[in-house]
Amino acid sequence: MPITKYSDGDKETFRALMLDGVRRNKAANPDYRVVDIGGRFNPWADELVDVYVDVFPFETDKKLYVGDVNSEDIWRQLEADGPFDFVIISHVLEDIRDCITPLNWLPRVAKSGFLGLPVKHRELSHWGFPYWMGQSHHHWIFDVKNDTDSELILLTVPKWHCLNYFNPNIPDLEPINDDAPDLGPRKLDWFDPEKGGHDLELGVIWQNSIPFWTPNYMMRPEDQIELFRTVFADGSTFHPPEPRIAQHSDGHGH
């Protein structure tokens, strides 16, 4: 199973378990190498990291690549230096305009890794800013689901403007009820604001490949709304309306 573990909850507990596993692997194999992508501002795994990648240069006693993960150039440099045994990319993918490029490249530069992502409930909460959902600089919402083959798959969905349909704080030019004739309820039955705190995280551990799905960006607004209402519901099984994308490692895991 490519996605071997995941946790939609307490980030400190799940991170500690993940780091314990990496620590044991490094102790057993002196050549075991770990790369951290985007760890400059919060290097919480520094004791185990051999190589850093960041868009900004910073002082470190580790090897450092400076580059933009939206571009394939930095990934080609990493691939030439790899394969790494483990890659950590924590709270980066939601911030960048193109998270598809990293998801495709990660299994090519490393054999396994950890994705740290904001929980979906955080992106559907109001963080003291009543007129937008979640954090304003985030571009993507993530979730992990069982697909039709009972395999875990990462949902990677843009933060479309349609999310504001579920925002009761947006003033309307014309009165609108809880339901719109063509779009259905304005409330998400599954949403629980208590699940959107800072101490919560979607943590994903993968091996050899990262199965993920992203919708057609040009999906109609009414279909976007339905996707958030149904596909993201807690406990639901994901039946892909389009073929899933699964980027396998390029010879490292076979």
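The values are calculated or read from the model by the stated rules, or taken from the named source; none is laboratory data. Small disclaimer: the values here were computed from a predicted structure and weren't measured. Cβ placement follows ideal geometry from the backbone for every residue including glycine, while neighbour counts extend to all protein chains displayed.
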Problem set entry | Filtered residues of the stretch 85-95 (kept if outside any helix (DSSP H, G or I) and either free of Cβ contacts under 8 Å to residues at least 60 places away in the same chain or surrounded by fewer than 21 Cβ atoms within 10 Å (Cβ to Cβ) (or both)) | D85, V87, I88, I89, S90, H91, V92
Exercise. Quick check: anything in the stretch 9-21 assigned to a strand (DSSP E or B) and touching a residue at least 12 places away in the same chain (Cβ under 8 Å)?
Worked result: yes
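One line per residue, one yes/no per condition, for (1) under 17 Å from the mean Cα position of the chain (by Cα); (2) of a type in the set (S, T, Y); (3) at pLDDT below 85:
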residue	(1), (2), (3)
T156	yes, yes, no
L163	no, no, no
P193	no, no, no
F232	yes, no, no
S249	no, yes, yes
Exercise. Looking at this structure, is L124 under 17 Å from I225 (Cβ atoms) and either more than 11 Å from the chain's Cα centre (by Cα) or not polar (S, T, N, Q) (or both)?
Worked result: yes
For this session: Would you point out which residue out of W140, W132 is in contact with a Ser or Thr (Cβ under 7 Å, 6 or more places away or on another chain) and without any contact (Cβ under 8 Å) to a residue 60 or more places away in the chain?
Result: W140
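The rows are residues; the columns are (1) touching a residue at least 60 places away in the same chain (Cβ under 8 Å); (2) surrounded by fewer than 16 Cβ atoms within 10 Å (Cβ to Cβ); (3) within 19 Å of R108 (Cβ to Cβ).
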position	(1), (2), (3)
R33	no, no, yes
D36	no, no, yes
A45	no, no, no
V49	no, no, no
Y52	no, no, yes
K63	no, yes, yes
W75	no, no, yes
L78	no, no, yes
P83	yes, no, yes
Seminar exercise, completed: Per the filter on the stretch 173-188, residues at pLDDT 65 or above, of a type outside the set (D, E) and in a loop (DSSP other than H, G, I, E, B) are N177, P181, L183, R186, K187, L188
Exercise. Can you pull out the residues in the stretch 191-231 that are surrounded by fewer than 17 Cβ atoms within 10 Å (Cβ to Cβ) and part of a loop (DSSP other than H, G, I, E, B)?
Worked result: D192, G197, H198, D199, N208, N216, Y217, M218, R220
